[in-house]
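J.: The structure's right below; bear with me while I get my questions together.
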Amino acid sequence: MARTRRHTSSPEGKPQLTDNELIQRCLDNRPDAYRVLVERHWSMVYSVVRRITHSHDDAVDVTQEAFVRAYEHLPEFARDSKFSTWLLRVATNYALDQKRRLRARQRLQVHVPVSGYAPPTDGQAIAREIESRLAEVLRSLTHHQRLCLVLKVVHGMSTSEVAGILGCSEGTVRVHLHQARKTLRNRWDGWRS
């Protein structure tokens, strides 16, 4: 059974094109349609990539590159899945690859303490400690566990969408989510006591 196309209206009352219609326009040599896809999906892609890179600047760079790569491979996009799912898969793969490269470079760097350091106030110190501990707990998750948690909980995606982005089965997503929640619960409770 074929899906019916739903057109939503823009604020000006004009019907908006679906992702698949915009993709077809791109493939028909109308690259201006890709700008609409970028505007439509930028914040979602950036948000997911930001949680992988832990840096605004890196997230912007990775998001831009992900859109470039997606555009270059648009003819390969199988339209049996949602464009956003495919796009997030391109972005997460690139972000994880960049993170691995960065880690390899960081192993070679030597850190020198900075002089003139002023200690934070008590309130700032406590807030930084909690933020640091939470970041530490989240870093203890595997990439797939963290991504499953972000895509499912933060972005409200379905298990099947998360599976499509990560290229695994829905059962694997459920296992990653279960393990992530268990690890978070154990580590956070262990730190608080």
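Any read-out appearing in this document is the output of simple, stated calculations on the displayed coordinates, not a laboratory observation. Quick caveat: nothing in here was measured; it's all calculated off a predicted structure. Ideal geometry is used to build each Cβ from the backbone, glycine not excepted, and the neighbour counts take in all protein chains shown.
J.: Please work out the FRET efficiency for the pair Ala78 and Arg174, using the Cβ-Cβ distance as r and a Förster radius of 22 Å; give the result to the nearest 0.05.
T.: On the way: r = 24 Å, r/R0 = 1.11.
Step by step, r from the Cβ atoms, then E = 0.35.
J.: Determine ³J(HN,Hα), in whole Hz, for all residues of region 20-26 in sequence, where each value follows from phi through the Karplus function 6.51 cos²θ - 1.76 cosθ + 1.60 and θ = phi - 60°; x replaces Gly and Pro.
T.: Taking θ as phi minus 60°, the curve returns 5, 5, 5, 4, 4, 5, 4 Hz for region 20-26.
J.: Output the Cα-based Rg and Dmax of region 133-193 in Å, rounding Rg to one decimal and Dmax to a whole number.
T.: Gyration radius and largest Cα-Cα distance of region 133-193: 11.9, 38 Å.
J.: So for region 9-105, taking the charge dipole from beta-carbon charges (+1 Lys/Arg, -1 Asp/Glu), which of Tyr94, His54, His41 sits furthest toward the positive end?
T.: His54
J.: Let me ask something additional. Between Arg128 and Asn29, what FRET efficiency comes out of the Förster formula 1/(1 + (r/R0)^6) with R0 = 45 Å and r the beta carbon distance, rounded to 0.05?
T.: For R0 = 45 Å, the calculated efficiency reads 0.30.
J.: Mind checking the dipole of region 133-193: about its Cα centre, +1 per Lys or Arg Cβ, -1 per Asp or Glu Cβ, Debye to the nearest 20? Could the numbers behind the result be given before it?
T.: Values: 10 positive and 4 negative charges, 62 e Å.
Around 300 debye, computed over region 133-193.
J.: Percent of Cα-Cα pairs per 5 Å bin, from 0 to the last occupied bin, for region 9-105, please list those.
T.: Per 5 Å bin, starting at 0, the Cα pair percentages come out as 2, 13, 23, 22, 16, 12, 7, 3, 1, 0, 0.
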